[in-house]
Amino acid sequence: MRKRKLVYSFGINDVDFSGKGCPFYLKWFQMIRRCYSKDALERNPTYKGCEVCEEWKYFSNFKSWMETQDWEGKQLDKDILGGGYLYSAETCCFVPSRVNSFLTDHGSRRGPHKQGVLFVETLGKYRARISDQNGKMKHLGYFDTEDSAHLAWHKEKVKYTHNLIDLFKLENNIATGLLDYIENMKE
């Protein structure tokens, strides 16, 4: 048996084939890279502190799990069913890219304010806006307080979440996890 080279000092490809072109290997490799590549973590620091469970260290285990999932044309998500920091069979699911991108925080763009909120200095007010389920920015209004602007954003986010659940006919566990995830954004 040949000695296997570690993938980003963590993952082990224990399947006897070249992973290039294999959709299972590609998803596994990208997951490992997001968590353990220094370059990837510099480009996308939101993955700092994320890790892959010990079982999925081995490609064969991840592949076996992925083969039981509805994965084609979808993205691997660790936030909806889990706490957002661990890739494992219990915390991951596959979702359409529109659902996955709908969860993006955009914290670096909004600055120190709560999600959906920007302070407009010239008006002395807080502006609420949201990226709808189609990715288009929608203005929700100006508010006297950051909390009231954030609550307007959150109310709209819940509405869009229900629309996405219906549109993509998401499985119950994913729909429930998504609604819980959105509710936790209320702060």
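The values are calculated or read from the model by the stated rules, or taken from the named source; none is laboratory data. The structure displayed is predicted, hence computed values, not measured ones. Cβ coordinates were reconstructed from backbone atoms using ideal geometry, including for glycine residues, and neighbour counts include every protein chain displayed. Ligands, DNA and RNA are excluded from the accessible area calculation, which covers all protein heavy atoms including side chains. Shrake-Rupley method; radii C 1.70, N 1.55, O 1.52, S 1.80 Å.
Worth pointing out:
- To the nearest ten degrees, helix 172-184 and the longest principal axis of the Cα atoms of the chain are 50 degrees apart.
- Just the protein heavy atoms count here, and of the accessible area of the chain at 1.4 Å, carbon and sulfur take up 49 percent.
- Å² per residue, accessible surface of region 31-97 at 1.4 Å: 53 Å²
- Surface/4 of the Cα convex hull for region 1-82, nm²: 6.2 nm²
- Shape class for the chain: prolate, because the ratio a/c of the largest to smallest gyration tensor axis (alpha-carbon atoms, square roots of eigenvalues) is 1.5 or more and a/b beats b/c.
- Restricting region 47-127 to GluC sites (Glu not before Pro) that sit in a DSSP loop and have at most 12 other Cβ atoms within 10 Å of their own Cβ leaves Glu54, Glu67, Glu72, Glu90, Glu121.
- What you get for region 101-187, charging only the Cβ of Lys and Arg (+1) and of Asp and Glu (-1), is a dipole of about 320 debye around the Cα centre.
- Other-chain or far-sequence residues with amide H under 5 Å of Gly141's (modelled H): Ala128
- Only the Cβ atoms of Lys and Arg (+1) and of Asp and Glu (-1) were treated as charged; on that basis the dipole of region 1-148 about its Cα centre amounts to roughly 620 debye.
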